[in-house]
1. Tell me, in nm to one decimal, what length is gained between ASN10 and LEU69 on full extension, where the rule is 0.36 nm per residue of separation less the Cα-Cα distance?
2. For the range 76-94, list residues with backbone N below 12 Å from a point placed 7 Å from the Cα of THR43 toward its Cβ?
3. Under the definition of Cα pairs under 8 Å and six or more residues apart, what whole-number percent is the relative contact order of the range 2-94?
4. Just subtract the alpha-carbon distance of CYS86 and ALA26 from 0.36 nm times their residue separation and send over the number in nm, one decimal.
5. Please report the antiparallel percentage of DSSP beta bridges with both residues in the chain, rounded to the nearest 5.
6. Kindly state, as a whole number, the per residue volume in cubic angstrom of the convex hull around the alpha carbon atoms of the chain.
7. What net charge do the residues around GLU62 carry, taking every other residue with its C-beta under 15 Å from that of GLU62, with Lys and Arg at +1 and Asp and Glu at -1?
8. Could you work out the local net charge near SER3, counting Lys and Arg as +1, Asp and Glu as -1, over the other residues with Cβ closer than 14 Å to its Cβ?
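Since every read-out is calculated from the coordinates, none of them should be taken as a lab result. Just so we're clear, the structure is a prediction, and the values are computed from it rather than from any experiment. A quick note on method: Cβ atoms are made from the backbone with ideal geometry, for glycine too, and the neighbour counts reach across all protein chains shown.
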Amino acid sequence: MVSVSLQDDNIRVKVPKGKTLRQVAATTGASMEFGCRVGDCITCVARVKSGMIYLSEKNEKELKALEILGGNVSQLRLMCQCYVRCEEGEIVISYAV
Ligand code: FES
């Protein structure tokens, strides 16, 4: 299981491989907001402060959406598009981008 910390809500949970961060937010009652849930609206953008390596690669849709934000988006992810891809590790997320 991977440890996921949602810093802004002071939530820390163990998450199995394959679970999306949207699912994590939904099941923990996190305050993160979601819109389309399909990678179009950027409402769910968040900063991965550490542990990016434990998340899925950015897909085509996510890359396009993040491009709109401009600047350095290397630490940013759409929570509805990324999922835990490892069995172990630690991910720290902040909603502040
Ligand atoms: S909820 Fe719209 S991009 Fe994630």
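1. 18.6 nm
2. 80
3. Over the range 2-94, the number comes to 45 percent.
4. Full-extension gain reported as 19.6 nm.
5. 70 percent
6. 80 Å³
7. With Lys, Arg at +1 and Asp, Glu at -1, the neighbours total +4.
8. Summing Lys and Arg as +1 and Asp and Glu as -1 gives +2.
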